[in-house]
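Presented below is the structure to which this report refers.
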Amino acid sequence: MELFLAGRRVLVTGAGKGIGRGTVQALHATGARVVAVSRTQADLDSLVRECPGIEPVCVDLGDWEATERALGSVGPVDLLVNNAAVALLQPFLEVTKEAFDRSFEVNLRAVIQVSQIVARGLIARGVPGAIVNVSSQCSQRAVTNHSVYCSTKGALDMLTKVMALELGPHKIRVNAVNPTVVMTSMGQATWSDPHKAKTMLNRIPLGKFAGESGGSPASVVPAVPVEHVVNAILFLLSDRSGMTTGSTLPVEGGFWAC
């Protein structure tokens, strides 16, 4: 199905690894013009070699002032993918202020700031747009040692709905994708142990996580390519989903059905 993204300018946060990197690669292949945002310069350098012509921006989105400097004059953006996130996992009784603050700065506050920058530009130009927030199955299901992470993603789902409500009159659609565990480097750090993963996999009717193809963790824990998540993101960015806004799209193998 043709998504007609060629020529559109798309800003992707958390572009250096995992879902964000896969999204940039897929968008580049469609002919979209991509602004790739990451806090790691080495990741951006390798991404530019893979996808010549993308615009790299290196900034820590947890830093409000630095983000304003880096993206405040980024220029016209048609579409936005808020993918950047951190997962600082601690038992509830051991949650620290530092982990709480860092998690909400990156996983929620940065979404507000970057979306404001993009939405204000769209409104000033008088053109429609689309924003996709990368949430998680953890937004609606509790997971041990994920109290802060689950909280940020639950808040992100509600933020998505409020953004859709307020930005809809400006023809800006806002949706979220809610993946299961994705076996990127962040997912592998938590779920590559097959004994630990089994407790989660037993709750997923399709019996597998989403994950990058290849690599030893994926051969131990059942996984499917990260493209399943990327495809959902691209669909929600495209005009093919023109009547969809305020939604949370599960990409979790039926986890929420149980």
For every other residue with a beta carbon closer than 14 angstrom to the beta carbon of Arg102, add +1 if it is Lys or Arg and -1 if Asp or Glu, then tell me the sum.
-> -2
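Report the net charge of residues surrounding Ala130, where surrounding means a beta-carbon distance below 14 angstrom and charges are Lys +1, Arg +1, Asp -1, Glu -1. Could you put the intermediate results ahead of the total?
Numbers: positive: Arg8, Arg9, Lys171, Arg173, Arg240; negative: Asp78, Asp239.
Taking every Cβ under 14 Å from that of Ala130, the sum is +3.
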Mind checking segment 1-75 for GluC sites (Glu not before Pro) that DSSP puts in a loop (not H, G, I, E or B) and that have at most 13 other Cβ atoms within 10 Å?
-> Glu2
Karplus couplings for segment 25-32 from phi (6.51 cos²θ - 1.76 cosθ + 1.60, θ = phi - 60°), rounded to Hz, Gly and Pro as x?
-> 4, 5, 5, 4, 5, 7, x, 5
What residues have an amide H closer than 5 Å to that of Gly62, excluding those fewer than 5 places away on the same chain, when H is modeled at 1.01 Å from N in the peptide plane?
-> none
Can you work out ³J(HN,Hα) from phi for every residue in segment 52-65, in order, using Karplus 6.51 cos²θ - 1.76 cosθ + 1.60 and θ = phi - 60°, giving whole Hz and x for Gly and Pro?
-> x, x, 5, 9, x, 10, 9, 7, 8, 5, x, 9, 4, 5
Using modelled backbone amide H atoms (1.01 Å from N, in-plane), which distant-in-sequence or interchain residues come within less than 5 Å of Ile172's amide H?
-> Gly129
Residues in segment 74-96 that a label on Val143 would reach, taking backbone N under 19 Å of a point 7 Å out along Cα→Cβ = 82-96
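Rounded to the nearest 0.05, what FRET efficiency do Val48 and Phe100 have when you use their Cβ-Cβ distance and R0 = 41 Å?
On the way: r = 34 Å, r/R0 = 0.83.
Once the sixth-power term is evaluated, E becomes 0.75.
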Point-to-point label distance, Glu68-Phe4, nm (Cα→Cβ direction, 7 Å offset) = 3.8
Can you run the Rg to Rh ratio on segment 14-137? Use alpha carbon positions and the Kirkwood inverse-distance Rh.
-> 0.98
Can you list the residues, at least 5 places off or on another chain, whose amide H is less than 5 Å from the amide H of Val34, using H built in the peptide plane?
-> Val10, Glu55
Phi-derived 3J(HN,Hα) across segment 227-239 with the Karplus relation (6.51, -1.76, 1.60, θ = phi - 60°), rounded Hz, x for Gly and Pro, is 4, 4, 6, 4, 4, 5, 4, 4, 4, 6, 6, 7, 5
Which residue, chosen from Trp64, Val10, Ala29, occupies the Cα position most advanced towards the positive end of the dipole of segment 1-69, where the dipole is computed from +1 (Lys, Arg) and -1 (Asp, Glu) charges on Cβ about the Cα centre?
-> Ala29
Between segment 90-125 and segment 31-69, the Cα center-to-center distance that results, in Å | 18
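Since every read-out is calculated from the coordinates, none of them should be taken as a lab result. These numbers were taken from a predicted model, which means no experiment stands behind them. Please note: Cβ atoms are built from the backbone with ideal geometry, for glycine as well, and neighbour counts cover all protein chains shown.
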